[in-house]
Amino acid sequence: MSITPPLKGDEFEIYICYSRTHLRPGAAIDLAMQNHRLDDLVTAGRYPTQTLTHKRMVDVSTTTNLFPLTLLSFATILYGIRHHISSTTHTGYTLHSTALQTLNRTLSHPSCHTSDAVLLSVATLAILEALVPTSPKAYLNHMLGLERLLQLRDPTDSKYTSPLSLALYKSVRHMVLFAALTTGRSCVLARREWKAVLRGCCRGEEEGWEQDLFDVLADCTVLGVGRDRLAGEVWGEEEGFRSLRDELLRRSLGLRAQLYVWKRRWESDERNVYVETRTIHRAFAPDVNPPTLTFFEFSNESVAAMFMLYNTALIHVLHILSSLSPQNPGTHHTEHPASPLFITQPTSAAHDLPPELRDPARDEYIAAERSAALNICRCIPYYSACAPIHTSPVVHWAVKTAWTTLRRDEFAEGKAMTEYLRAESREVTATVLWSG
């Protein structure tokens, strides 16, 4: 479907055209829009309740109309809020309510759970919550819903590997992983069969590099669950405790080594070159002695996004390693596994400990985690200056990760970067990520 600016002045056509400026070209939702006639999408807004009329038609009719209705509610709400038109916003939320009712009715039929239309609709609702959140937990709930829908699919079944399905998997993987890491759950994308499907649909070396990093993040969800089990259970025997901890350390160290090898290989490609620049940013102009910050310049915005994704994965791996590493290597806390040995501290917390209780390895992990967060911050001016129309979702995730890591940093550079994040990075990040 080719959508051009409307000639007839239909308001829904205007909203749909505007919504495309917030959707990545070639991603699942954009592809699904191309499979629908513009008239069909607009009709969903003119007759929004018709899909709720006949329960017997839910398997076909509701599934068919679900995505157009959800998309139109997304487009109308977004347009109304961004242009401060209360009547349009009200219309959008009316459509949104109908879309949610339609989705719930569709989900009441198990035969519809694995429909692409359902997955597309939930993904659209999640994107809407990222841009214009309606409640603090709605964004996360939609992303958790996406994972539950994926769990119902067998990725080795050919009926779930259509071009649209594969585009869907690639489009929602960051949402699913973000939700799993945020809630401390093991992610479905860590399973071998899901990794194989996502790897198989990579086109070119760049997408393969990207999938390498997503695989590491998926493995982090599994290791995080093991780490939480180590901290949360009462261990009657030291041997079992040591065995699990050593296994988690071994696998986490393996992921760190894997990331370092990835970075050397990625940087060896001349297309991925980046250079340092030093500047006094305008955010600190009122200061008598504003700090000089180091930033990065890249060959293009996709290289910057990849570098930010790498540092996001590295932060999560180092986070696990720092929480597993004992504060005092000669002491074991088997009687109180929830002691500070397993509590993830702020990035500067290790420096508050007496020297005799510091673990050099743990200090190293915390410092490296902080360094990775600073590296994410150093990418933002370049990425923002490029003014990409469709901000990469991994940039949203990376900035949130850096903010979480640095916001309690007591070092001068960390404080300066958190001030910079607070002042500038909202331009390239989803609104909902600043609510936590």
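A few comments on the model shown:
- Filter result for the condition that a residue is exposed (fewer than 13 other Cβ atoms within 10 Å of the Cβ) and without any contact (Cβ under 8 Å) to a residue 40 or more places away in the chain, over GLU207, GLU239: GLU239
- Summed over the range 44-87, residues that are surrounded by fewer than 20 Cβ atoms within 10 Å (Cβ to Cβ) and at pLDDT 75 or above total 7.
- Within the range 157-178, residues that are touching a residue at least 60 places away in the same chain (Cβ under 8 Å) and farther than 21 Å from ASP219 by Cα reach no partner that is among the β-branched types (Val, Ile, Thr) and in a helix (DSSP H, G or I) with beta carbons closer than 6 Å at six or more positions or on different chains.
- The residue that is modelled with the lowest pLDDT, counting only those in the range 274-292 that are loosely packed, with under 12 Cβ neighbours inside 10 Å and among the aliphatic types (A, V, I, L, M), is ALA285.
- Unique match (being at pLDDT 95 or above, in contact with an Asp or Glu (Cβ under 8 Å, 6 or more places away or on another chain) and surrounded by 15 or more Cβ atoms within 10 Å (Cβ to Cβ)) among LEU213, LEU168, LEU255, LEU223: LEU255
- Here HIS332 fulfils each of the conditions (1) within 23 Å of GLU369 (Cβ to Cβ); (2) at pLDDT below 80 apart from (1).
- Residues (surrounded by fewer than 17 Cβ atoms within 10 Å (Cβ to Cβ) and hydroxyl-bearing (Ser, Thr, Tyr)) located in the range 106-151: SER108, SER111, THR134, SER135
- Enumeration of residues in the range 399-410 that are at pLDDT below 75 and of a type outside the set (Asp, Glu): ARG408
- Residue within the range 103-115 that is more than 22 Å from LEU41 (Cα to Cα) and in a helix (DSSP H, G or I) present: yes
- Given (1) farther than 21 Å from LYS170 by Cα; (2) modelled with pLDDT of 70 or more; (3) among the small types (Gly, Ala, Ser); (4) surrounded by fewer than 23 Cβ atoms within 10 Å (Cβ to Cβ), index of the condition SER392 fails: (1)
- Meets criteria (touching a Gly at 6+ places or on another chain (Cβ under 6 Å), over 26 Å from ASN300 (Cα atoms), modelled with pLDDT of 85 or more and not β-branched (Val, Ile, Thr)) for LEU248: yes
- Conditions (1) surrounded by 17 or more Cβ atoms within 10 Å (Cβ to Cβ); (2) out of contact with any Ser or Thr (no Cβ under 6 Å at 6 or more places or on another chain); (3) modelled with pLDDT of 95 or more; number of the one not met by ARG192: (1)
The values are calculated or read from the model by the stated rules, or taken from the named source; none is laboratory data. All figures in this text were calculated on a predicted structure; none of them were measured in a lab. Reconstructed Cβ throughout: ideal geometry from the backbone, glycine too, with neighbour counts over all protein chains shown.
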